[in-house]
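J.: Okay, here's the structure, questions in a sec.
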Amino acid sequence: MAIGIVAVQGAFLEHEKILDRLGIEYAELRQKSDLDREYDGLILPGGESTVQGKLLKELDMFDTLRGWIAADMPVLATCAGMILLAEKLSNDDKEYFRSIPMTVRRNAYGRQVGSFHTAAAFGDKGVIPMTFIRAPFVESAAPEAEILSVVDGNIVGVRYKNQIALAFHPELDDDLTVHQAFIGMI
Amino acid sequence: MTNERYELNKNLAQMLKGGVIMDVTTPEQAKIAEAAGACAVMALERIPADIRAAGGVSRMSDPKMIRGIQEAVSIPVMAKCRIGHFAEAQILEAIEIDYIDESEVLSPADDVYHIDKTKFKVPFVCGAKDLGEALRRINEGAAMIRTKGEPGTGDIVQAVRHMRMMNSQIAKLTALREDELFNAAKELQVPYDLVQYVHEKGRLPVVNFAAGGVATPADAALMMQLGAEGVFVGSGIFKSGNPEKRANAIVKAVTNYKDAAMLAALSEDLGEAMVGINESEIQLLMAERGK
């Protein structure tokens, strides 16, 4: 089993460290030629969605990744990754993979002073620590999308088909629950 | 500042990794930087090359100008305050800046004390020439470190020197016996627990970017290969012939910093680079401000 981790910008190393702990093989996806081999799952890490989306398109990686997602490859997307998967952004006219029928609000908690740490339920896997950094949240999701996590009345975790999209950063906490659930989908 | 807030502030720097933070002086420049792929912008009235040329006392920018830039872009916005000028920092915190750079580029307000950054909710980035400086700033509450390359010169030599110095001092610390760490703390003039952290982990406890003198995609790639986790570009972009193209190229160079063929393509036809000043030609070494 090998996971491809989008590594054009952001906190991809943090995901790698968690996969190391789980003993899972992975590779960094920085350019088109990195997409030449086969992967069993895809991670879209935190970072700046504007930067990542632009680089994926300009480095000619976007269409291949969209194909993988459309072919139901398991995907774990955190923060910026959630924005890349959203069908619609309520406060930005950019669009990326649009593979989950949901409307996401960027920087939904405001600037860095609004960043916070909490703990909440993740699906049926119990309560886990959650770190939100200039995070988005889901304003609305289609009924087909399963709501995994809600914090302060806002949807912050969604599963649709084989994609898990989270507004928070499981890669910044010690807890392995989210990555284990993702690996379990493969 | 609570421990949790400090962690969140270090976390924001983690999200900036692999990215380029660009100096901008107007909302228009900020939009160009964002469109070119900047992961954050540094809002300031004058870029370092112009600060250097103008001379005189250089201070925090007009909050109205910073707000204009905050409204123009969706990426994080940073701004600079003078070393030790905690009132300027309080003002920047009041306008909810995402990161404060307590910067040697501005005229220092205090020649002994840096700001007690633990008193703030917003994060700080500080410059460091070596490991001792870096750990002193971290002890004061800095959530991110950058090299203190000579701003506004387009000369990469100091940033390289600082990064290599940091790396070699970290390597040396990791090789020490545990009973030698007490003396290392004394020599570095830093608290023992930070020395112990570096000894165990082989890295700084916060993200470390390159800053000062980055003017080309090759400069950015050089700093990344030397271990920088991202790059600040000040005068290098908007003092060059084609800012948009150069900014785009530097962003891609940071992502694929080991791919020489791609770097060659990115380095083509960028137009005029900023006019550089060599270290030996300058009167004022800003890196000597605040230690």
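J.: In region B:1-21, what residues are assigned to a helix (DSSP H, G or I) and open to solvent by 20 Å² or more (accessible area, probe 1.4 Å)?
T.: Of all residues in region B:1-21, those assigned to a helix (DSSP H, G or I) come to B:3-16.
Of everything in region B:1-21, those that are assigned to a helix (DSSP H, G or I) and open to solvent by 20 Å² or more (accessible area, probe 1.4 Å) turn out to be B:ASN3, B:GLU4, B:ARG5, B:TYR6, B:GLU7, B:LYS10, B:GLN14.
J.: Kindly provide the set of residues from region B:82-98 that are within 14 Å of chain A (Cβ to nearest Cβ) and open to solvent by less than 10 Å² (accessible area, probe 1.4 Å), ordered by number.
T.: Matches in region B:82-98: B:ALA89, B:LEU92, B:ILE97, B:ASP98.
J.: For region A:170-186, which residues satisfy the criterion of being under 11 Å from A:MET130 (Cα atoms) and surrounded by fewer than 24 Cβ atoms within 10 Å (Cβ to Cβ)? Can you show your working first?
T.: Within region A:170-186, the first condition is being under 11 Å from A:MET130 (Cα atoms), and the residues that meet it are A:170-175, A:178.
Answer for region A:170-186, where residues must be under 11 Å from A:MET130 (Cα atoms) and surrounded by fewer than 24 Cβ atoms within 10 Å (Cβ to Cβ): A:ASP173, A:ASP174, A:ASP175.
J.: Another one. Specify which of the listed residues (A:ILE18, A:ILE24) is out of contact with any Asp or Glu (no Cβ under 9 Å at 6 or more places or on another chain), away from chain B (no Cβ under 12 Å) and more than 14 Å from A:VAL75 (Cα to Cα). Walk me through it before giving the result.
T.: On the way: A:ILE18 fails: out of contact with any Asp or Glu (no Cβ under 9 Å at 6 or more places or on another chain).
It is A:ILE24.
A quick yes/no check of all residues on (1) basic (Lys, Arg); (2) open to solvent by 40 Å² or more (accessible area, probe 1.4 Å):
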{"site": "B:ASP23", "(1), (2)": "no, no"}
{"site": "B:GLY37", "(1), (2)": "no, no"}
{"site": "B:GLU45", "(1), (2)": "no, yes"}
{"site": "B:ILE51", "(1), (2)": "no, no"}
{"site": "B:ARG67", "(1), (2)": "yes, yes"}
{"site": "B:SER74", "(1), (2)": "no, no"}
{"site": "B:LYS80", "(1), (2)": "yes, no"}
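J.: Taking region B:62-81, which residues are among the hydrophobic types (A, V, I, L, M, F, W, C) and away from chain A (no Cβ under 14 Å)?
T.: So in region B:62-81, the residues among the hydrophobic types (A, V, I, L, M, F, W, C) come out as B:65-66, B:69, B:72-73, B:75, B:77-79, B:81.
Hits for region B:62-81 are B:MET65, B:CYS81.
J.: For region B:225-240, check the following and say yes or no: at least one residue is of a type in the set (D, E, K, R) and within 14 Å of chain A (Cβ to nearest Cβ). Walk me through how you get there before you give the answer.
T.: From region B:225-240, those of a type in the set (D, E, K, R) are B:229, B:239; that's our starting set.
Of the ones still in play, those that are also within 14 Å of chain A (Cβ to nearest Cβ) are B:229.
Looking through region B:225-240, at least one residue is of a type in the set (D, E, K, R) and within 14 Å of chain A (Cβ to nearest Cβ).
J.: Please give the number of the condition A:ASP93 fails out of (1) open to solvent by 40 Å² or more (accessible area, probe 1.4 Å); (2) outside any strand (DSSP E or B); (3) closer than 20 Å to A:GLU14 by Cβ; (4) within 14 Å of chain B (Cβ to nearest Cβ).
T.: The one condition A:ASP93 does not meet is (3).
J.: For a quick check of your reading of the model, give me the residue pairs whose first member lies in region B:5-23 and is more than 7 Å from chain A (Cβ to nearest Cβ), whose second is among the aromatic types (Phe, Trp, Tyr) and surrounded by 24 or more Cβ atoms within 10 Å (Cβ to Cβ), with beta-carbon atoms closer than 6 Å and at least 6 apart or on different chains.
T.: Matching pairs, first to second residue: B:ILE21/B:PHE232.
J.: Scan region B:252-285 for residues that are hydrophobic (A, V, I, L, M, F, W, C), within 11 Å of chain A (Cβ to nearest Cβ) and farther than 13 Å from B:THR216 by Cβ and jot them down.
T.: B:ALA261, B:MET262
J.: Which of the residues spanning region A:98-118 are away from every other protein chain (no Cβ under 12 Å) and not polar (S, T, N, Q)?
T.: Of region A:98-118, the ones away from every other protein chain (no Cβ under 12 Å) are A:98-104.
Those that are away from every other protein chain (no Cβ under 12 Å) and not polar (S, T, N, Q): A:ARG98, A:ILE100, A:PRO101, A:MET102, A:VAL104.
J.: So which residues in region A:32-58 are over 21 Å from B:ALA35 (Cβ atoms) and open to solvent by 20 Å² or more (accessible area, probe 1.4 Å)?
T.: Result: A:LYS32, A:SER33, A:ASP34, A:ASP36, A:ARG37, A:GLU38, A:TYR39, A:ASP40.
J.: Based on this model, can you work out whether B:ASN248 counts as part of a strand (DSSP E or B) and within 21 Å of the chain's Cα centre (by Cα)? Steps first, answer last, please.
T.: Numbers: part of a strand (DSSP E or B): no; within 21 Å of the chain's Cα centre (by Cα): yes.
Taking the combined requirement at face value, the residue does not satisfy it.
J.: Then there is this: Quickly run through region B:29-61 and pick out the residues that are in a loop (DSSP other than H, G, I, E, B), of a type outside the set (A, V, I, L, M) and either over 12 Å from B:VAL77 (Cβ atoms) or within 13 Å of another protein chain (Cβ to nearest Cβ) (or both).
T.: B:GLY37, B:CYS39, B:GLU45, B:ARG46, B:GLY55, B:GLY56, B:SER58, B:ARG59
The values are calculated or read from the model by the stated rules, or taken from the named source; none is laboratory data. No experiment lies behind these values; they were computed from the predicted model shown. Virtual Cβ from ideal backbone geometry, glycine too; neighbours counted across all protein chains shown. Accessible surface is based on the protein model in full, side chains and every heavy atom, while ligands, DNA and RNA are left aside. Shrake-Rupley method; radii C 1.70, N 1.55, O 1.52, S 1.80 Å.
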